[in-house]
Amino acid sequence: MPLWVTGEAGLLRLPSGRSVRGRGLREPMPSGHPPTFGVYLLGSAPPEFGWVSRWIRWPDFRLPGDPAYAGRVLEEAWQRARTERVEIACGGGRGRTGTALACLAVLDGVPATEAVAYVREHYHPRAVETPWQRRFVRDFHAPKKTGQ
């Protein structure tokens, strides 16, 4: 299965070489390959997409309703991005998507204090829209594994 092609719209390349596509669901689906795994950050359940997906309840301009669940899903997305086409999306593709992408950058080794700047430089200059989203990224860490 081919991974994302460098230069595709919304693509964020992490320092490890993993690539993840961010997008706004209000925009048309980009051309090219569809994702094989998606994480959708919305206040209400998304429709079926035709690929494996996870929904994180996350109202616009807010934070995830269940931060622990969000951490587990983002960890899964980061793991899958090594061998799969992973997409992270919200309505507009900037605030919630940018926040989640910054958390993936933290999982990939970017210091939490630098992750928002990394995503703004490599994904979108207005990613991570609110002070509480920036704080969420700053305080984000990999979920504890069961039994640790």
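Every number in this text was worked out from the coordinates using simple rules, so none of it is lab data. What you see is a predicted model, and the numbers here were worked out from it, not measured in a lab. Quick reminder, even Gly has a Cβ in these numbers, built from the backbone with ideal geometry, and neighbours come from all protein chains shown.
Worth pointing out:
- Neighbourhood charge, 11 Å Cβ-Cβ cut-off, centred on Ala127 and excluding it, Lys, Arg +1 and Asp, Glu -1: +3
- Just checking the listed ones, Pro30, Pro64, Pro46: in the Gaussian network model of the chain with Cα springs under 10 Å, the one fluctuating most is Pro30.
- With viscosity 0.890 mPa s and temperature 25 °C, the Kirkwood radius over alpha carbon pairs of the chain converts through Stokes-Einstein to a diffusion coefficient of 165 µm²/s.
- Full-extension gain in nm, Leu3 to Glu129, via 0.36 nm per residue minus C-alpha separation: 42.5 nm
- Computed label-point distance, nm, for sites Glu48 and Asp60 using a 7 Å Cα→Cβ extension: 2.7 nm
- Relative contact order [Cα under 8 Å, 6+ residues apart], the stretch 1-80, whole percent: 19 percent
- Gaussian network model of the chain, springs between alpha carbon atoms under 10 Å - residue of Arg26, Arg85, Arg13 with greatest fluctuation: Arg26
- P(r) tail fraction, the stretch 36-118 - alpha-carbon pairs more than 23 Å apart, %: 13 percent
- Spin-label zone in the stretch 74-102 - amide nitrogen under 19 Å from a point set 7 Å from the Cα of Asp139 along the C-beta vector: 74-75, 96-102
- For Leu42, the residues 5 or more places off, or on other chains, whose built amide H falls under 5 Å of its own are Ile56, Trp58.
- Arg13/Thr36 FRET efficiency (R0 22 Å; Cβ-Cβ; nearest 0.05): 0.80
- Shown here: the stretch 70-148, whose C-alpha atoms stretch 37, 26, 20 Å along the first, second and third principal axes, sorted largest to smallest.
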